[in-house]
Amino acid sequence: MNDSTDRQTDAPFWKTVALKDMTHAQWESLCDGCGKCCLHKLEDADSGHIYYTNVACRLLDHDSMRCSRYATRTRWVPDCTVLKPHQIADFKWLPKSCGYRLVHEGKDLPNWHPLISGRPESVHEAHQSMRHRWLLDEREAGALEDHIINEDF
């Protein structure tokens, strides 16, 4: 039996275990590796709308779409947001396709999610990640307002 199912119901863990009760491995596996959370975002103060930019955190590996220094990321990027189960409702900026957000909202994971497909590349093959998109390093981008992308994640 693999770690993604509950022994009693054979239902996937994300349908039977509350976010706050997940093991570290279960929690981490909800990340699909899209890289969207590592993009800089702007929030309209009046409407609350989140605007994504094509400006990526300097630690984002543009091929894997994973943090190049994940375990020590806050040492390198002190304002990096660390997602925690009890705070998910506060993170309105998470993409609509984000596994953390979907599970929090009681929705199913998409077929391309690695927990469903069994393959980490499926998120990229489904064009759901930021891989092979024109991304700028935050140290070279300048004003974020100049880099808003016309996509609603």
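General remarks:
- Residue list for the stretch 17-59, restricted to those being in a helix (DSSP H, G or I) and open to solvent by less than 30 Å² (accessible area, probe 1.4 Å): 19, 26, 27, 36
- Extreme residue, nearest to the chain's Cα centre (by Cα), among residues of the stretch 40-82 that are of a type in the set (Val, Ile, Thr) and more than 25 Å from residue 122 (Cα to Cα): 81
- Restricting the stretch 63-89 to residues that are open to solvent by 80 Å² or more (accessible area, probe 1.4 Å) and in a loop (DSSP other than H, G, I, E, B) leaves a set whose member that is farthest from residue 135 (Cα to Cα) is 84.
- Near pairs, Cβ below 7 angstrom, 6+ apart or cross-chain, from the stretch 85-101 (farther than 22 Å from residue 114 by Cα) to any residue that is open to solvent by 50 Å² or more (accessible area, probe 1.4 Å) and part of a helix (DSSP H, G or I): 86/20; 89/104
The values are calculated or read from the model by the stated rules, or taken from the named source; none is laboratory data. A quick note: this is a predicted structure, and the numbers were derived from the prediction, not measured. Every residue, glycine as well, gets a Cβ built from its backbone with ideal geometry; the counts of neighbours run over all protein chains shown. Areas reflect the complete protein model, heavy atoms only, side chains present, ligands, DNA and RNA absent. Shrake-Rupley method; radii C 1.70, N 1.55, O 1.52, S 1.80 Å.
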